[in-house]
1. Which residues, counting only those in segment 209-240, are surrounded by fewer than 18 Cβ atoms within 10 Å (Cβ to Cβ) and hydrophobic (A, V, I, L, M, F, W, C)?
2. When you scan segment 357-372, how many residues do you find that are buried (at least 17 other Cβ atoms within 10 Å of the Cβ) and assigned to a helix (DSSP H, G or I)?
3. Do the conditions hold for residue 239, that is, is it under 25 Å from residue 129 (Cβ atoms) and either among the hydroxyl-bearing types (Ser, Thr, Tyr) or in contact (Cβ under 8 Å) with a residue 60 or more places away in the chain (or both)?
4. Looking for whichever is among the basic types (Lys, Arg), crowded, with 21+ Cβ neighbours inside 10 Å and closer than 23 Å to residue 215 by Cβ here; the options are 123, 128, 137. Which one fits?
5. If only one of 312, 286 is crowded, with 24+ Cβ neighbours inside 10 Å and not acidic (Asp, Glu), which one is it?
6. Does segment 304-325 include one or more residues that are more than 26 Å from residue 370 (Cβ to Cβ), assigned to a loop (DSSP other than H, G, I, E, B) and either among the β-branched types (Val, Ile, Thr) or not assigned by TED's automatic domain parsing to the domain that holds residue 358 (or both)?
7. Among 259, 268, 300, 314, which is in contact with a strand residue (DSSP E or B) (Cβ under 8 Å, 6 or more places away or on another chain) and at positive phi?
Amino acid sequence: MTPRVLALDHVGVLGGAELSMLDVVAGLGDDVSVRLFADGPFREALVRRGVAVRVLDMGALAFVKKESRAPSFAALRAAWQLAGGVAREGAGARVLYANSQKAFVVAALAGRRSGRPVVWHLRDLLGRPHFSALNTRGAVMLANWGAARVIANSQATADAFVRAGGRARIVRVVHNGIAAEPFDAVRDADAQALRAQYAPAPSYVMAVFGRLHAWKGPQVALRALSALPADCQLWVVGAPLFGEHAFEAELRSRAEQLGVASRVQFLGFRDDVPTLMRAADVVVHASTLPEPFGRVIVEGMLARRPVIAADAGGVREIVTDGVTGVLVPPDDSAALAQAVASLRADPARAAAIANAGADHARRAFTVDGMVRGVRAVLDEVMR
């Protein structure tokens, strides 16, 4: 059977958007085939999940960034050529499903060339400072022209799209879903072993997870750590996904300058995140800019750990302050340190927040719910 859906993404790394897409396309089963514009761990993960996937070369389009002012002629030509290849690849499909902005640019062109409708899964807050003004205008104009539907991963993402000029009638909100099973499978003994390996006893561990980038805020957590007692520890879990190695070196230098280097563990990319989260005392989301969603927040909830999160963007659709988590102003290290100290001083409150968060995440942010939501939009377009 020819898959009805051709799904597209431009990267080969495994970021949050790709992890969500992985669950979506695996849930769609034989109804979908995937084309990536770069090779890497994402393709390998798709293969392990039994998803049909091929890699197409995006050429000069690879050099266009979110903050770019205008694409070069070479990039525009590469996009047009790639669109031709996608149109041929999707000749038997009934809908093109794009998971990233670059993929959507190609899909919109391919859709016009092939007569196939296009669905864009929008996982970014369009507008400054995430996107240049030119890129935002271009993305919105292209969506209004070439997208049958736009799936937003939060109401905040949908609102930003509409504020930028996008047509509200084509938008559908489908929250991300995260599987609880990997977190439920964590054994206490394994979590305790990691705790013993990376944190001296006794200590209190705060942990940040995600791509090493300034807007994700690990530097905010470092500053907060410097205001906390000497037995507080910080784990920084994540790696530079798109070449931000200079920022990683800067973080290490900042830890030295703040006098907390001995209290920080830079653990890099890990495939045992559920165990690390369970081993920590509190999971910290410290983004300095509004998040479209906030996947790590849900993961922290599933790990049954209290979560402190930056109060902006889609985060407000996940966390009820003081009930399922604790909200603090973005880029406010003093408020973050105070929130950590408050949870540490009241273990009963911390446990209540952790349990309420876990229950909420298991109800509101399931993979099945996400797949059903995406499938409903795809079916709507195909009808």
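The values are calculated or read from the model by the stated rules, or taken from the named source; none is laboratory data. Owing to the predicted nature of the structure, the values given are computational and were not obtained by experimental measurement. Methodologically, a virtual Cβ is constructed for each residue, glycine included, from the backbone with ideal geometry; neighbour enumeration extends over all protein chains shown.
1. Those that are surrounded by fewer than 18 Cβ atoms within 10 Å (Cβ to Cβ) and hydrophobic (A, V, I, L, M, F, W, C): 214, 215, 227, 230, 239.
2. The qualifying residues number 7.
3. Values: under 25 Å from residue 129 (Cβ atoms): yes; either among the hydroxyl-bearing types (Ser, Thr, Tyr) or in contact (Cβ under 8 Å) with a residue 60 or more places away in the chain (or both): no.
So residue 239 does not fit the description; no.
4. 123 is the lone residue from the list that is among the basic types (Lys, Arg), crowded, with 21+ Cβ neighbours inside 10 Å and closer than 23 Å to residue 215 by Cβ.
5. Numbers: 312 fails: crowded, with 24+ Cβ neighbours inside 10 Å.
From the options 312, 286, the qualifying one is 286.
6. No.
7. On the way: 259 fails: in contact with a strand residue (DSSP E or B) (Cβ under 8 Å, 6 or more places away or on another chain); 300 fails: at positive phi; 314 fails: at positive phi.
So the residue among 259, 268, 300, 314 that is in contact with a strand residue (DSSP E or B) (Cβ under 8 Å, 6 or more places away or on another chain) and at positive phi is 268.
Yes/no per residue for (1) more than 30 Å from residue 269 (Cβ to Cβ); (2) more than 24 Å from the chain's Cα centre (by Cα); (3) surrounded by 21 or more Cβ atoms within 10 Å (Cβ to Cβ):
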site: 18; (1), (2), (3): no, no, yes
site: 44; (1), (2), (3): no, no, no
site: 48; (1), (2), (3): no, no, no
site: 74; (1), (2), (3): yes, yes, no
site: 84; (1), (2), (3): yes, yes, no
site: 93; (1), (2), (3): yes, yes, yes
site: 100; (1), (2), (3): no, no, yes
site: 107; (1), (2), (3): no, no, yes
